[in-house]
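Some notes on the structure that comes next.
Throughout, read-outs are computed from the coordinates displayed, never taken from laboratory work. What you are looking at is a predicted structure, and each value in this text was computed from that prediction instead of being measured. Cβ atoms come from the backbone with ideal geometry, glycine included; neighbour counts cover every protein chain shown.
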Amino acid sequence: MIPTRRCVVCFAKKAKSDLIRIVRTASPAQPDKPERKNFCVDITQKQAGRGAYICNSQDCLQKARKKRAFERSFKQNISNDIYAALETRIFQAETMTTMTTKTTMLPTKTERLQNEP
Ligand SMILES: [Zn+2]
């Protein structure tokens with residue numbers, strides 16, 4: 001069984017891999033950008049926190065923007081940054097025919113520790 005989730009925009013049930021997850025995390029992901037609050041696009045779909053899903057399509061994203069679907073789902077204001085991040089994700093997915101595991105890797109805690117004398 002493939003785990004399915006419902007898109008907050010069109011309410012279609014889809015495989016998790018066909019959806020993009022937005023998550024409200026417990027701690028601020030970007031302290032330098034407080035306007036982002038604790039929301040982020042969860043590429044791994046494994047981040048802890050309250051999540052909402054949207055189809056990997058421009059169509060649903062546009063509707064989400066119009067209907068403020070995520071705001072309704074989280075009952076909270078969502079920064080336009082999140083919609084912008086989603087747009088980037090969806091645009092990338094639609095341009096790339098083959099899914100590559102292209103992730104922007106930030107140095108992990110261990111890597112930083114190793115670099116210390
Ligand atoms: Zn949808």
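Here are the numbers for the structure shown:
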read-out: Length released on extending from ILE2 to ASN38, taking residue separation times 0.36 nm less the Cα-Cα span; value: 10.1 nm
read-out: Additional length obtainable on full extension of the chain from GLN76 to ASP18, 0.36 nm per residue less Cα span; value: 18.4 nm
read-out: Inter-label distance, nm, simple model (7 Å from Cα along the C-beta direction), ARG89/LYS66; value: 2.2
